[in-house]
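Some notes on the structure that comes next.
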Amino acid sequence: MGYKVVIVGATGNVGREMLNILAEREFPVDEIAALASRRSLGTEVSFGDRTLKTQDLATFDFTGWDMALFAIGSDATKEYAPKAAGAGCVVIDNSSLYRYDPDVPLVVPEVNADAVLGYTKKNIIANPNCSTAQMVVALKPLHDRARIKRVVVSTYQSVSGAGKEGMDELWDQTKAVYNPVSDVPPSKFTKQIAFNVIPHIDVFMEDGSTKEEWKMVAETKKILDPKIKLTATCVRVPVFVGHSEALNIEFEEFLDEDEARDLLREAPGIMVIDKREDGGYITPVECVGDFATYISRIRQDSTLDNGLNLWCVSDNLRKGAALNAVQIAEVLGQKALKKG
């Protein structure tokens, strides 16, 4: 026996990627439904070698379905996730709506898989922010060995993190730069994104941080360890897919760079590409379509007694969103629902 699975938001970037990854990883699906808003009704999406027609989210009955992977905005999630959960279908939510709810587990399977079992309080599990997901995968094996005190992270986040509109804006603005009669003013972003970087993701908060930066702090504490101090600067860059992060980590005790490299090589979900030569590191273009979180540029921080620097790159539509949701579904099946 397999699972009856619903993909909510199946026509979006993340929803389509969820369908791809379920098929690639041969998730034990008995029946699958692709849901979308009424305006996308009947749109065809791919699931392995099958084609699915989207059904109307507004009228769908979740009764009898095992799990629903949500890839829609917080407003729509607020309306439909409780309906699914109330019908006995476990919701795995990719929006930010439930991440900070103490009764909803926030899960990255390589880091805190057992937290999945807390789903029973609301029948909902939350997927973390894309920039947090890849970072905590990298931090977990190092924290287990030497206890992390503080992290300083600067992110270089691709436009796909802002959805199709973000990708279209980069594409259109890039073309316009080479066309003297064309002008594509900022719409999705606050400033020109083509050939530029923007130190602003999500809304500003009272302390001068952006909501994206606050998310990384709050989610790291919930997923990994509430004692870790973290400060973030989140930057949008003109890359279509793949988030990058420069991490400076301070530990309670000394951790040698060679030992850190070995720990990361052995850790689940991580690929270490770290040669001190031209091209001996990973860039976003090379990580697209891969499941792994890539680590490069591992080195001691000479300004700290117990410090390391590293470079972390991952496909944000996969590990940052769709892959992590499918991995949660896998763990939920293994530890709780036990079908397939």
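Mind checking which of Arg236, Arg25, Arg99 has the largest fluctuation in a GNM of the chain, springs on alpha carbons under 10 Å?
Arg25
Taking region 188-340, how much of its Cα-Cα pair set, in percent, is spaced more than 21 angstrom apart? Spell out each step's value before the answer.
Values: 6622 of 11628 pairs.
The share of Cα pairs beyond 21 Å in region 188-340 comes to 57 percent.
Convex hull volume of the Cα atoms in region 240-300, per residue, in Å³? Numbers along the way, then the final one.
Values: hull volume 5.8 nm³, N = 61.
Convex hull volume per residue, Cα atoms: 94 Å³.
Using just the C-alpha positions of region 113-164 as equal point scatterers, what log10 of I(q)/I(0) does the Debye formula give at each q in 0.22, 0.26 1/Å?
-0.98, -1.05
Direction-averaged shadow area of the convex hull around the Cα atoms of the chain, nm²?
On the way: hull surface 74.6 nm².
Averaging across all directions leaves 18.6 nm² for the Cα convex hull.
Test of the criteria: in region 77-174, which chymotrypsin sites (Phe, Trp or Tyr not before Pro) are in a DSSP loop and have at most 15 other Cβ atoms within 10 angstrom of their Cβ? It would help to have the intermediate numbers written out before the result.
Numbers: sites: Tyr80, Tyr98, Tyr100, Tyr119, Tyr156, Trp171; in loops: Tyr98, Tyr100.
Of the chymotrypsin sites (Phe, Trp or Tyr not before Pro), the ones in loops of region 77-174 whose Cβ has at most 15 other Cβ atoms within 10 Å are Tyr100.
In the Gaussian network model of the chain, springs joining C-alpha atoms below 10 Å, which of Gly12, Gly320, Gly161 carries the largest mean-square fluctuation?
Gly12
Report for the chain the percent antiparallel among DSSP-assigned beta bridges with both residues inside it, nearest 5.
Numbers: 28 of 59 bridges.
In the chain, DSSP labels about 45 percent of beta bridges as antiparallel.
May I ask for the longest run of the chain untouched by GluC sites (Glu not before Pro) that are loop-located per DSSP and have at most 16 neighbouring C-beta atoms (other than their own) within 10 Å?
Longest gap between qualifying sites, sites excluded: 27-205.
Given 10 Å bins starting at zero, what is the percent of C-alpha pairs of region 146-257 in each, up to the one with the largest pair distance?
Once binned at 10 Å, the Cα pair distances of region 146-257 give 13, 37, 27, 15, 6, 1.
Set the Förster distance to 51 Å, then compute FRET efficiency between Arg297 and Ala87 from the Cβ-Cβ distance, nearest 0.05. Intermediate values should be presented prior to the final figure.
Details: r = 48 Å, r/R0 = 0.93.
Once the sixth-power term is evaluated, E becomes 0.60.
Given all pairs of different Cα atoms, what value in angstroms does the Kirkwood hydrodynamic radius of region 33-167 take? Intermediate values should be presented prior to the final figure.
Working: mean 1/r = 0.0591 Å⁻¹.
Averaging 1/r across every pair of different Cα atoms and inverting gives 16.9 Å.
Using the Kyte-Doolittle scale, find the helices of the chain whose mean hydropathy is at least -0.5 and whose Cα atoms extend 20 Å or more along the helix's long axis, counting only whole DSSP H runs. All intermediate terms of the calculation are to be shown ahead of the outcome.
Details: long enough: 130-146 (25 Å, 0.24); 163-177 (22 Å, -1.07).
Membrane-span-like by this rule: 130-146.
Say R0 is 45 Å: what FRET efficiency, to the nearest 0.05, do Asn196 and Lys338 get from their beta-carbon distance? Please list the in-between numbers first.
Working: r = 50 Å, r/R0 = 1.11.
So the FRET efficiency works out to roughly 0.35.
Give me the base-10 log of I(q)/I(0) for region 89-230 at each q in 0.13 Å⁻¹, Debye formula, one uniform scatterer per Cα, rounded to two decimals.
Those come out to -0.68, one per q.
Based on DSSP, what percent of beta bridges with both residues in region 127-250 are antiparallel, to the nearest 5?
Values: 9 of 17 bridges.
Roughly 55 percent of the DSSP beta bridges within region 127-250 come out antiparallel.
When DSSP beta bridges are limited to those with both residues in region 225-340, what percentage is antiparallel, rounded to the nearest 5?
Values: 14 of 17 bridges.
Bridges in region 225-340 are about 80 percent antiparallel.
What does the highest-first list of 65-77, 297-309 look like by mean Cβ count within 10 Å?
Details: 65-77: 21.4, 297-309: 15.5.
Packing proxy ranking, top to bottom: 65-77, 297-309.
Okay, which of region 294-325 sit inside 19 Å, backbone N to the point 7 Å along the Cα-Cβ direction of Asp278?
In region 294-325, the label zone of Asp278 (backbone N under 19 Å from the point 7 Å along Cα→Cβ) covers 297.
Which order do the peptides 180-189, 34-43 come out in when sorted by mean C-beta neighbours inside 10 angstrom, highest first?
Working: 180-189: 12.1, 34-43: 16.9.
So the peptides 180-189, 34-43, ranked by packing, come out 34-43, 180-189.
How large, in Å, is region 33-75 by the Kirkwood hydrodynamic radius built from its alpha-carbon pairs? Show your work: numbers first, answer last.
Numbers: mean 1/r = 0.0875 Å⁻¹.
When all Cα pairs of region 33-75 are included, the Kirkwood radius is 11.4 Å.
None of the figures in this text is laboratory data; all of them are computed from the coordinates on show. Values in this document were obtained by computation on a predicted structure and should not be read as measured data. We place every Cβ from the backbone using ideal geometry, glycine too, and count neighbours over all the protein chains shown.
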